[in-house]
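Please read the structure below before turning to the comments.
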Amino acid sequence: MKNYRVKLLYHGKERTELFEAKSKRELYDAVFTQFPRCKILQIREVTTSKTFSLDEVKEKLADFFQLNSIDEESKIFFLHQLAVMSDAGISILNALQEIQKNIRDRNLKNIIENISNDINNGQSLSDAFQKFELVFGTLTITMVKLGDKTGDSAKALFKLVEMLEEIRDNKIKVKKAMAYPRNVMIAMVIAMVVMINFVIPKFQSIFDRFHSDLPFLTKLLLGTEQFFSNYGGWLFFLFSLLFLTFRYFLRHSERFRYWIDFLMLKTYIIKNIVLYSTLNRFTIVFAELLNAGISIFEALEISISMVDNLVLREKLQRSYIEINRGASLYQSFENSKIFDNMVIQMIYTGESSGELQKMLNNIADYYKRNFNRIIENLHSLLEPVILFFIGALVTILALGIFLPIWNLGSVVKGR
């Protein structure tokens with residue numbers, strides 16, 4: 001049996017409870033039996049002793065490296081299949097059972113089985129999904145609830161898949177855009193390592209034979225090679241430790257994540273990518289939820305939960321509080337200082353004319369175009385930085401190799 005500390009929202013109040021369960025599935029059952037229709041905010045395993053079994057160690061390592069996480073592609077595939085089958089007139093229960101047979105991800109298969117069992121026991125689809133809000137996210141739970149409410153789950157699920165695919169595609173665009181500069185820098189580092197290890201040492205033996213000194217820059221490169229030969233293992237260990245420490249604090253320390261997110265918003269080029277991709281995602285979700293009939297307060301709350309950057313999320317949460325206190329959307333967004341003046345004017349026009357949803361759709365398109373423009377021009381924006389590093393590396397390598405060659409003639413004559 002394992003002990004879990006669960007933070008949950010029940011009847012509008014946040015509370016933390018301790019539970020004992022053999023597995024996550026049993027834990028979810030215990031939580032929702034004791035607190036029906038609650039919202040799970042966080043789950044943490046509580047360690048009661050200093051000794052761990054092999055299975056527990058494996059589970060903790062898998063959790064640390066996110067080996068048990070379900071990738072976005074699998075979740076989108078599952079929801080899309082559920083939408084298609086529901087639209088075809090197949091019952092939700094039969095659809096889930098058929099989808100489960102074709103799912104390869106073991107964790108997702110277990111979740112679908114759990115949802116199927118709950119529906120078979122009389123629960124609604126939204127109640128069955130509610131247990132797994134930490135897996136699927138608030139947006140998915142809300143759209144599933146909307147489908148139950150309107151009686152058209154297929155339509156709600158298709159719209160959900162459309163939004164999730166848009167968010168996924170934006171993330172893929174960023175990764176592809178960053179691949180080129182990353183690969184160039186890796187290639188340059190490999191070239192430098194090859195030169196230092198296999199080319200320059202040959203000049204060392206030649207100059208030693210003539211009892212002459214190598215040029216300073218060549219000595220520097222050879223010293224670098226010797227340093228990595230002597231301390232490479234320790235450096236690898238140190239960098240691995242720093243990486244794991246960084247990863248741990250990024251996942252478990254909100255203050256550390258806030259600091260990293262703050263730096264990202266201050267970094268050349270990266271700040272615009274983060275800002276436009278985040279606001280594009282925020283406005284897409286906000287507009288679609290309003291179009292689906294969700295209240296502005298609930299739509300805003302869900303949209304804010306989709307914001308990954310903690311600095312931007314904090315500012316939007318302040319806007320949400322101002323709106324709850326009676327401020328207009330235009331005023332609260334203007335006070336946040338994260339939206340362009342043109343966007344603020346569009347929101348003002350939308351609120352004044354009663355066409356806020358239409359304006360939000362236009363704003364989402366505006367941020368999408370800006371985001372795509374930055375991604376398309378990313379190579380040209382990064383090119384000066386890349387060329388500087390390439391030039392510096394090539395200059396150091398060229399001088400380190402050719403200076404001994406140029407001095408070789410004088411060394412031979414001097415002999």
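Only the coordinates and a few stated rules stand behind these numbers; no lab work does. All of these numbers come straight from a predicted model, not from anything done at the bench. Cβ coordinates were reconstructed from backbone atoms using ideal geometry, including for glycine residues, and neighbour counts include every protein chain displayed.
Which value, in debye to the nearest 20, describes the size of the charge dipole of segment 263-377 about its Cα centre when Lys and Arg Cβ atoms bear +1, Asp and Glu Cβ atoms bear -1, and nothing else is charged?
380
Which lysines, if any, have their Cα less than 25 Å from the Cα of Lys315, not counting same-chain residues under 8 positions apart?
Reachable lysines: Lys7, Lys13, Lys39, Lys171, Lys266, Lys271, Lys337, Lys358, Lys368.
Mind pulling the angle between the C-alpha long axis of helix 138-150 and the longest principal axis of the chain? Nearest 10 degrees, somewhere in 0 to 90.
It is inclined by approximately 30 degrees.
Roughly what angle does helix 296-305 make with the longest principal axis of the chain, taking Cα atoms, 0 to 90 degrees, to the nearest 10?
30
May I ask you to derive the relative contact order of the chain, considering only C-alpha pairs under 8 Å and at least 6 residues apart, and to give it as an integer percent?
Relative contact order for the chain comes out at 13 percent.
Using only alpha carbon positions, build the gyration tensor of the chain, then give the equivalent ellipsoid semi-axes as the square roots of 5 times its eigenvalues, largest first, whole angstrom.
Three semi-axes, in Å: 52, 30, 20.
Contour minus end-to-end for Val194 and Glu351, with contour as 0.36 nm per residue of separation and end-to-end as the Cα-Cα distance?
50.2 nm
Give the shape of segment 71-165 as rounded, prolate or oblate, defined through the alpha-carbon gyration tensor: a ≥ b ≥ c are the square roots of its eigenvalues, a/c under 1.5 means rounded, and otherwise the shape is prolate if a/b is larger than b/c and oblate if not.
In terms of gyration-tensor shape, rounded.
Does segment 2-46 classify as rounded, prolate or oblate by the C-alpha gyration tensor (a ≥ b ≥ c root eigenvalues; a/c under 1.5 gives rounded; else a/b over b/c gives prolate, otherwise oblate)?
oblate
Between the DSSP loop rule and a limit of at most 16 other Cβ atoms within 10 Å, which trypsin sites (Lys or Arg not before Pro) in segment 324-391 are left?
Answer by residue number: Arg325, Lys337.
Note down, for segment 263-377, the three equivalent ellipsoid semi-axes (square root of 5 times each alpha carbon gyration tensor eigenvalue), biggest first, whole angstrom.
22, 16, 13
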